[in-house]
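Values in this text are rule-based calculations from the coordinates and carry no lab data. Treat the numbers as computed from the prediction; the structure is a model and nothing was measured. Note: ideal-geometry Cβ built from the backbone for every residue, glycine included; neighbour counts use all protein chains shown.
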């Protein structure tokens with residue numbers, strides 16, 4: 001990491017390793033970072049609380065129990081509003097920057113158009129983040145110093161699982177604002193499972209998540225409105241044994257969305273997510289063959 005970014009983030013991301021690796025599952029929380037550099041806040045037209053509206057607050061804590069179960073947990077410390085690792089490396093809006101973007105930048109994606117590229121233009125309900133344009137060098141610094149090391153580390157976790165177990169399942173953990181509509185009716189989804197419409201993971205993994213959550217009273221939707229972002233799409237390749245699936249949890253289930261504090265239901269939701277993790281681990285063991293996992 002460059003010295004400039006080292007001054008802002010002592011540890012830009014963390015991988016919490018289990019005492020003993022026991023499963024091909026890897027859990028990732030790319031949007032739960034809540035270290036907001038003073039320089040970033042100063043460059044914004046928004047107050048610090050409003051900047052947090054794109055943050056997956058406490059999601060890393062909801063899934064922290066996977067580590068004692070034998071799975072690694074990766075989590076960002078930098079906030080999504082500062083840099084979004086669930087995008088292509090160069091999804092950038094040229095209107096945000098002073099200077100010329102590299103020719104290879106993707107400036108026309110739907111996510112860029114919506115203000116949510118690798119360097120986001122907005123948070124929450126379309127509130128502009130920056131008071132003025134950023135130097136192009138600032139965007140490239142964040143990508144080189146934070147984005148690329150994050151993905152290098154995540155890829156190494158997947159490669160390790162592939163070497164050790166012959167397969168890997170990346171569970172990308174997110175939260176969503178309350179009030180998201182379920183896919184086929186007018187009810188509200190508590191959880192949305194995204195597997196890129198079956199292309200990023202074997203369908204049995206989405207099935208087991210849905211069944212586990214339904215049995216605990218959750219309203220579950222698949223792929224609408226969230227089918228999975230860049231991480232799910234990029235790392236999921238079921239034909240080679242690499243699976244990736246996204247879980248989006250309604251924030252109102254476990255936190256006060258206005259004050260960014262846990263509610264009394266936090267512990268129950270965390271326990272339910274561990275029931276999902278346990279079910280996925282059992283399903284993966286069956287998928288590979290229980291004898292093979294036991295031998296590891």
* Structure fact -> For the chain the mean separation of alpha carbon contacts under 8 Å (6+ apart) over residue count, i.e. relative contact order in percent, is 20
* **Counting DSSP beta bridges with both ends in region 2-157, the antiparallel % (nearest 5)** => 55
* Full-stretch length increase - residue 152, residue 67 - with 0.36 nm per residue and alpha-carbon distance subtracted -> 28.5 nm
* Structure fact -> Rounded to a whole number, the Stokes-Einstein D of region 1-109 in µm²/s (Kirkwood radius over Cα pairs; 20 °C; 1.002 mPa s) is 135
* Would you mind ranking 260, 97 by Cβ crowding within 10 Å, fewest neighbours first? => 260, 97
* For 17, 257, order by how many other beta-carbon atoms lie within 10 Å, fewest first -> 17, 257
* **Residue exposure sequence - 151, 214 - by fewest surrounding Cβ within 10 Å** => 214, 151
* For the chain, what size does the Cα cloud have along each of its three principal axes, sorted from largest down, in whole Å? -> 57, 42, 33
* **Expected 222 nm ellipticity per residue - DSSP helices of 4 or more, -39500 (n - 2.57), all of the chain, to 500** => -9000 deg cm²/dmol
* Considering only the chain, what is the antiparallel percent among its DSSP beta bridges, to the nearest 5? -> 40
* Asked: Tell me, how many Å apart are the Cα centres for region 186-206 and for region 64-116?
  -> 22
* To do: Extending each Cα 7 Å along its Cβ direction at residue 275 and residue 125, get the distance between those two points in nm, one decimal.
  => 3.3
* log10 I(q)/I(0), Debye, Cα-only region 143-296, no solvent, q = 0.18 Å⁻¹? -> -1.14
